[in-house]
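Okay, structure first, notes after.
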Amino acid sequence: MIPAEIRKFYRMAEEAAAFFKAHLMGRSRVRIITHVDADGIAAAGVLARCLHAYDVPFHIRFTSPLKPAEIMELGNEGYDLFIFVDQGSGQISAIEKFLLEKGCDVLILDHHPSELPKHRNLSYLNPHACGLNGAKDVSAAGVVYSLVERVDASFTRLIGHAITGAIGDRQEFYSGFAGVNETLLKRAIDLGLLCTRTGLKLIGRWLPIAECLAMSIRPYLHGLSYELGACRSLIEELKIPPETTLEELDETSEEKLRDAIIARMGATAACESFRRTLWGTIYRMTREVVGPPNVHEQVAVLDACGKLGKPQVGFALTVGDRTMLPEAMETLRTYQEKMREALSWFAANLTSFKTTQQMHYVLTSEKVDESLLGEALALAMESGIVPTDRPVIGMVEVDATELKVSARATPDLAMRGVNVGQAIAKAAKTVGGEGGGHDVSAAARIPRDRVKEFITKLDQSLAEGDVDEPSAASTIGV
Ligand SMILES: [Mn+2]
């Protein structure tokens with residue numbers, strides 16, 4: 001029996017699909033604004049394939065959520081339909097003012113929380129409008145997929161991309177997937193479009209094992225990541241022939257290898273998130289995929305493309321363009337290298353972390369790229385490098401006057417009422433900055449000279465727990 005909230009979500013998907021379909025049949029020109037992360041890119045890919053099938057001209061922009069002035073400019077462009085993907089809910093007042101009131105049609109396909117108004121030119125699909133939680137029940141890729149499969153059943157073949165988006169937004173939990181994601185995964189498996197097995201969740205399962213281990217940043221394997229020699233001797237000790245790949249390894253040998261890795265990790269291995277990040281379900285797409293069929297690896301490629309300012313390269317893969325594959329894989333390597341630098345900085349500078357009642361925080365060096373800070377924190381937590389008993393806050397200098405702040409919390413903490421999005425929004429506002437986000441991930445920009453005040457306020461806000469107002473989705477990439 002499908003829960004009422006999910007049925008309501010699918011009913012709303014029907015309505016949004018009807019609104020969208022009217023534009024597919026006419027002569028509409030479509031403008032898509034999507035987020036520049038794995039979920040936003042995967043979602044845009046699914047949407048683009050649908051528009052392409054109907055010969056609808058469209059233009060895509062990959063960006064963090066638009067500012068009001070940018071939305072005002074959109075209003076001057078001659079498009080018939082504006083589609084906001086993986087954003088838009090938090091920008092609804094500007095959308096109302098600059099697009100809807102001008103008579104433009106707007107479709108919002110998002111999973112960030114917000115109250116959306118009724119307007120005859122507006123249609124939307126958002127899990128929060130159905131009593132679902134956009135941080136865990138469905139991502140933007142799942143939202144877009146749920147719409148296009150109602151436009152035409154032939155798009156069902158794209159269902160695997162919904163899981164890519166969900167994993168990209170870290171919606172795969174110890175217990176598996178929830179809500180809409182769970183129903184999509186089950187269907188994808190039943191249809192044979194996705195297959196699963198249990199094993200090491202590392203990327204590069206098609207490489208010789210030592211190389212695969214040496215490139216791992218998720219999890220970061222202390223003493224093995226970027227230590228090819230150490231990886232080779234580990235493989236030798238286990239008497240695995242050097243050219244063997246993880247894909248070729250039988251189940252028992254893979255378990256032995258897992259145990260050997262864990263034995264190497266010392267205290268880190270006691271961290272549950274480390275073990276869960278290392279070992280578990282691997283998803284493989286069987287169709288409609290260019291590049292690595294392993295969904296975790298696809299996510300890594302899309303993330304890398306997004307973070308390094310090449311979302312169009314990742315997007316090309318999601319729409320099936322093979323020519324971009326070498327550049328995509330090269331981008332992944334560059335990204336891994338930068339992230340490795342950040343993670344080894346965290347591992348070497350644990351004493352720089354300060355602990356308050358409610359959180360751990362650190363002012364990082366310029367070695368940690370501002371745009372990679374949030375993800376680096378998440379990886380450091382998953383890898384057991386930094387403690388996860390309370391939210392972790394990273395801060396890095398953007399320029400002489402501004403600090404970028406990123407915050408991460410585990411789903412466990414969120415279940416206990418921690419909401420870093422709300423807390424950071426409140427604290428940033430107090431010091432004249434700006435911020436927001438989800439319960440487990442958030443970001444802010446604050447004036448550098450008010451950092452002390454910000455820390456105190458953030459600690460206080462986290463202690464207060466749930467605040468009354470819903471936090472607007474951040475306008476800053478979390
Ligand atoms: Mn998303």
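What the table shows:
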read-out: Largest-first ellipsoid semi-axes for the stretch 250-382, taking √(5λ) over the Cα gyration tensor eigenvalues, angstrom; value: 29, 23, 12
read-out: Projected label distance in nm at CYS195 and HIS52, using a 7 Å step from Cα toward the beta-carbon; value: 2.6 nm
read-out: Evaluated at q = 0.23, 0.26, 0.28 Å⁻¹: base-10 log I(q)/I(0), Debye formula over Cα of the stretch 87-144; value: -0.85, -1.02, -1.13
read-out: TYR10/THR244 FRET efficiency (R0 41 Å; Cβ-Cβ; nearest 0.05); value: 0.35
read-out: Over the stretch 349-464 - Rg/Rh using Cα atoms and the Kirkwood inverse-distance radius; value: 0.92
read-out: Neighbour-count ranking [beta-carbon atoms within 10 angstrom, fewest first] of LEU325, LEU74; value: LEU325, LEU74
read-out: Theoretical gain in end-to-end length, ALA267 to ALA463 [0.36 nm per residue, Cα-Cα removed]; value: 67.6 nm
read-out: Relative frequency of Cα-Cα separations exceeding 15 Å in the stretch 201-285, percent; value: 54 percent
read-out: By average C-beta atoms within 10 angstrom, highest first, the peptides 213-223, 116-126; value: 213-223, 116-126
read-out: Simple label model, 7 Å out from Cα along Cβ direction - THR334 to THR356, nm; value: 3.7 nm
read-out: Rg followed by Dmax, in Å, when the stretch 113-224 is reduced to its Cα trace; value: 17.4, 59
read-out: Convex hull volume per residue in cubic angstrom - Cα atoms of the stretch 8-150; value: 93 Å³
read-out: Relative contact order for the stretch 4-193, counting Cα pairs under 8 Å that sit 6 or more residues apart, in percent; value: 24 percent
read-out: Loop GluC sites (Glu not before Pro), the stretch 215-259, which have at most 12 other Cβ atoms in a 10 Å radius of their Cβ (DSSP); value: GLU243
read-out: Alpha carbon convex hull of the chain, volume per residue in cubic angstrom; value: 142 Å³
read-out: Label-point separation, ARG276 to GLU402 (7 Å along Cα→Cβ), nm; value: 3.5 nm
read-out: Of every Cα-Cα pair in the stretch 370-434, the percent that sits beyond 16 Å; value: 50 percent
read-out: Förster-model FRET efficiency, 30 Å R0, GLU327 and SER93, C-beta, rounded to 0.05; value: 0.20
read-out: Using a Förster distance of 30 Å, the FRET efficiency for ARG287-ILE2 (Cβ separation, nearest 0.05); value: 0.75
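No value in this document is a laboratory result; all are computed from the given coordinates. All figures in this text were calculated on a predicted structure; none of them were measured in a lab. Cβ sites come from the backbone with ideal geometry, for glycine too, and all protein chains shown count toward neighbours.
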